1. Listed residues Y12, Y95; which is modelled with pLDDT of 95 or more and on the phi > 0 side of the Ramachandran plot?
2. Being at pLDDT 95 or above, over 10 Å from G76 (Cα atoms) and among the small types (G, A, S) is the filter here, so list the residues in the stretch 44-56 that pass it.
3. Looking at the stretch 41-94, which of its residues are surrounded by fewer than 21 Cβ atoms within 10 Å (Cβ to Cβ) and of a type in the set (F, W, Y)?
4. Here's a check for you: in the stretch 69-93, which residue that is in a helix (DSSP H, G or I) and over 20 Å from S16 (Cα atoms) is nearest to the chain's Cα centre (by Cα)?
5. So which of E4, E66 is modelled with pLDDT under 95 and part of a helix (DSSP H, G or I)?
6. Could you grab me the full set of residues in the stretch 58-84 that are in contact with a strand residue (DSSP E or B) (Cβ under 7 Å, 6 or more places away or on another chain) and among the hydrophobic types (A, V, I, L, M, F, W, C)?
Amino acid sequence: MAREGSRVRLDYSPASLGLVDRVIEAIRGEQPPIEAVTPTLRGFGAYAGEVLVRTAGATWVDFDEEQRDTFGQPFGIRTPDGRVWNPLGKAVKRYENGPADSLRLFCLSVVGRAEV
């Protein structure tokens, strides 16, 4: 969905998340209300999650009730080390907080932890 809806060429590499960060930053520059862009941001978050599935050996999981309450999302990913991550929420935070919540750096951080 993120690939098709954004008309951006993405290859599921961690480096491609730098492009996603730039697209989100461009959206931020237009200052639309968060409600208007949340579906697009979640699409980018799903793309980031799929990058982690492909590069870190993560799997998609349904969050339990406590995790849903914590993350505000119904699903996320689990890395081989057992940690759960919320890439959909991370994309929303990228929009809200700017570069401090980079999806590319998030991915590199998770991949680094998954290899430990």
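1. Working: Y95 fails: on the phi > 0 side of the Ramachandran plot.
Result of the check over Y12, Y95: Y12.
2. A48
3. W60, F63, F71, F75
4. Going through the stretch 69-93, the residues in a helix (DSSP H, G or I) turn out to be 69-71, 87-93.
Adding the requirement that they be over 20 Å from S16 (Cα atoms) leaves 69-71.
Numbers: D69: 18, T70: 16, F71: 13 Å.
In this case the residue turns out to be F71.
5. E4
6. Passing the criteria: A58, W60, V61, F63, F75, I77, V84.
The values are calculated or read from the model by the stated rules, or taken from the named source; none is laboratory data. Fair warning: this is a prediction, and the values are worked out from it, not measured in the lab. Cβ atoms come from the backbone with ideal geometry, glycine included; neighbour counts cover every protein chain shown.
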